[in-house]
Amino acid sequence: MNTDTFTAYESNVRRYGRSFPAVFTKALGATIWDETGKPHIDFLVGSGALNYGHNNPSIIAPAIEYLIGENILLSLDMYTAAKRDFIEAFVNSILKPRGLSYKIQFPGPTGTNANEAALALARKYTGRSSVMAFTNSFHGMSLGSLAVSGSASTRELGGVARHDVIRVPYEGYSNQAFDSASYIDCVLGDPGSGIEKPAAIILETIQAEGGMNASSAAWLIEIQRICRKHGVVLIVDDIQAGAGRTGDFFSFEFAKMEPDIVCLSKSLSGSGSPFSIVLIRPDVDVWNPGEHSGTFRGNNFAFVTAAAMCKLWSDRQFTAGVERTAVKLQGHLDRLVAKFPKCIEQKRGRGLMAGIKCRSPTVVGRVHDVAFENGLLIESSGPDRDVIKVLPPITITDVELDHGMAILHHALQEQDNA
């Protein structure tokens, strides 16, 4: 395959092309083909942006019809029929069945745009400037999001000082015995702690880039209680863990939470088209008209595909299939952990947002390479890159899932025998 054009002209910043040195041309469901015709099972799915698979016909068909009809594609925040259809589908298929009531903000189209808007709104609402964020968190690549991310290499990007961020331990960060929620409650209530009351606490229920660290329902509920007690806005960054990734639409559903603000992006469009929203508790929606903006907040193509995605969640057959696939994946991972203790330390994540913590980054690197050679796309995460992320489409067929896991099994077997 000829990759000379990319080497000659694309910036050194490129990453995934180096990890997967192939030229891809076609994709459907959980399979992506390179230009030689070789198929690959996709457990990368656009780093969580293609939860519903490649070119899902239930999502793409209405988009094709929309595109050939001379319809609106960009509308800023003007009213359009496509935007109305999305709002109604999201409210009726996602919010109302879960007993949730939120205003919907349309910021710029990426996850970091949503997080920046959420942080700005929390600061405006409370009149306070600092934000409490967690170890090993990742919230995006713009300056505000970088500031609340945990990785040192990530935070150093941008070249400016980052003030007003209070770093606290995530659940289980130092050891399972340390109660980080109680620590937060204590320092927020103690005038001698030296820690000022923040405008917000921002968290991921599963830290994808941080190593697939999954928080418990009890911890999340306690963090929410602490926020209510101290008048702090609770922001859940559901950009990678949401939109169906864990088996529920929202990653916090299992904890029966109601965050003050929820940020969604990545798989929200259902198609890979950039799209994000911020869900805001009505009394927190203190924006003035035009106070927060973004040229591409009116991506009508994404409104159409996102509406189609939302309607899938009203189909009991669809949701039952997602639940069954999550159980099947977890069973596969349990068997890998039991069979390869020399390579694997533990299973991480929840539902279809899964990971395998390996004994070393070297193991992960070799498994990645062997898997790719045999037709499987996976990536690593964690501060030491020692966690294999397993992110199949939530719509993956049994045949594709079994084939992908067989390739992963083979790659681990090679390392176990090395």
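The values are calculated or read from the model by the stated rules, or taken from the named source; none is laboratory data. Treat the numbers as computed from the prediction; the structure is a model and nothing was measured. All Cβ positions, even for glycine, are placed from backbone atoms using ideal geometry, and neighbour counts span all protein chains on display. Each accessible area value is taken on the protein alone, full model and side chains, heavy atoms only, with ligands, DNA and RNA left out. Shrake-Rupley method; radii C 1.70, N 1.55, O 1.52, S 1.80 Å.
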**Message:** Criterion first (closer than 27 Å to residue 143 by Cα, hydroxyl-bearing (Ser, Thr, Tyr) and open to solvent by 20 Å² or more (accessible area, probe 1.4 Å)) does residue 16 satisfy it?
**Reply:** yes
**Request:** Would you check if there is a residue in region 247-254 being open to solvent by 50 Å² or more (accessible area, probe 1.4 Å) and in a loop (DSSP other than H, G, I, E, B)?
**Result:** yes
**Residue selected from region 84-101 under the condition surrounded by fewer than 23 Cβ atoms within 10 Å (Cβ to Cβ) and in contact with a helix residue (DSSP H, G or I) (Cβ under 6 Å, 6 or more places away or on another chain), by the criterion nearest to residue 265 (Cα to Cα)** = 94
**Complete:** Subset of region 188-236, residues free of Cβ contacts under 8 Å to residues at least 60 places away in the same chain, within 18 Å of residue 166 (Cβ to Cβ) and among the basic types (Lys, Arg), comes to 229
**Message:** Cβ-Cβ under 8 Å, sequence separation 6+ or interchain: first residue in region 339-368 and within 30 Å of residue 242 (Cβ to Cβ) and without any contact (Cβ under 8 Å) to a residue 24 or more places away in the chain, partner part of a strand (DSSP E or B) and of a type in the set (Ser, Thr, Tyr). Which pairs?
**Reply:** 365/380
**Prompt:** Is it the case that region 43-63 has a residue that's surrounded by fewer than 18 Cβ atoms within 10 Å (Cβ to Cβ), assigned to a strand (DSSP E or B) and either free of Cβ contacts under 8 Å to residues at least 40 places away in the same chain or in contact with a Phe, Trp or Tyr (Cβ under 7 Å, 6 or more places away or on another chain) (or both)?
**Reply:** no
**Request:** For region 168-188, state whether one or more residues are acidic (Asp, Glu) and open to solvent by 70 Å² or more (accessible area, probe 1.4 Å).
**Result:** yes
**Asked** Within region 25-42, restricting attention to residues that are free of Cβ contacts under 8 Å to residues at least 12 places away in the same chain and of a type outside the set (Gly, Ala, Ser), which residue is most open to solvent (accessible area, probe 1.4 Å)?
**Response** 26
**Prompt:** Consider residue 384 against the criteria (1) in a loop (DSSP other than H, G, I, E, B); (2) under 16 Å from residue 51 (Cα atoms): it satisfies all of them except one. Which criterion is unmet?
**Reply:** (2)
**Complete:** Over region 24-42, the set of residues within 24 Å of the chain's Cα centre (by Cα), in a strand (DSSP E or B) and closer than 18 Å to residue 371 by Cα is 24, 31, 32, 40, 41, 42
**Asked** Consider residue 388 against the criteria (1) buried (at least 18 other Cβ atoms within 10 Å of the Cβ); (2) in contact (Cβ under 8 Å) with a residue 60 or more places away in the chain; (3) within 30 Å of residue 59 (Cα to Cα): it satisfies all of them except one. Which criterion is unmet?
**Response** (2)
**Asked** Among the residues of region 127-148, is there at least one that is assigned to a loop (DSSP other than H, G, I, E, B), at pLDDT 95 or above, among the β-branched types (Val, Ile, Thr) and surrounded by 17 or more Cβ atoms within 10 Å (Cβ to Cβ)?
**Response** no
**Request:** Please determine, by comparing only the residues of region 110-126 that are in contact with a helix residue (DSSP H, G or I) (Cβ under 6 Å, 6 or more places away or on another chain) and open to solvent by 30 Å² or more (accessible area, probe 1.4 Å), which one is farthest from residue 210 (Cα to Cα).
**Result:** 125
**Qualifying positions in region 179-235 - among the aromatic types (Phe, Trp, Tyr) and within 23 Å of residue 381 (Cβ to Cβ)** = 219
**Message:** I'm told residue 210 meets every condition in (1) more than 21 Å from the chain's Cα centre (by Cα); (2) open to solvent by less than 30 Å² (accessible area, probe 1.4 Å); (3) modelled with pLDDT under 95 except one. Can you identify the failing condition by its number?
**Reply:** (1)
**Message:** So in region 330-368, with the set limited to residues that are among the basic types (Lys, Arg), closer than 19 Å to residue 402 by Cα and out of contact with any strand residue (DSSP E or B) (no Cβ under 7 Å at 6 or more places or on another chain), which one is surrounded by the fewest Cβ atoms within 10 Å (Cβ to Cβ)?
**Reply:** 335
**Item:** Residue check for residue 104: open to solvent by less than 10 Å² (accessible area, probe 1.4 Å), at pLDDT 95 or above and of a type in the set (A, V, I, L, M)
**Value:** no
**Prompt:** Do we have residue 78 as open to solvent by less than 70 Å² (accessible area, probe 1.4 Å) and either part of a helix (DSSP H, G or I) or of a type in the set (A, V, I, L, M) (or both) here?
**Reply:** no
**Complete:** Only unsatisfied item for residue 295, checking (1) under 27 Å from residue 232 (Cα atoms); (2) β-branched (Val, Ile, Thr); (3) open to solvent by 10 Å² or more (accessible area, probe 1.4 Å), is (1)
**Request:** Please specify each residue of region 189-207 satisfying the condition of being surrounded by 17 or more Cβ atoms within 10 Å (Cβ to Cβ) and among the hydrophobic types (A, V, I, L, M, F, W, C).
**Result:** 199, 200, 201, 202, 203, 206
**Request:** Look at region 323-379 and say how many of its residues are over 21 Å from residue 31 (Cβ atoms) and β-branched (Val, Ile, Thr).
**Result:** 7
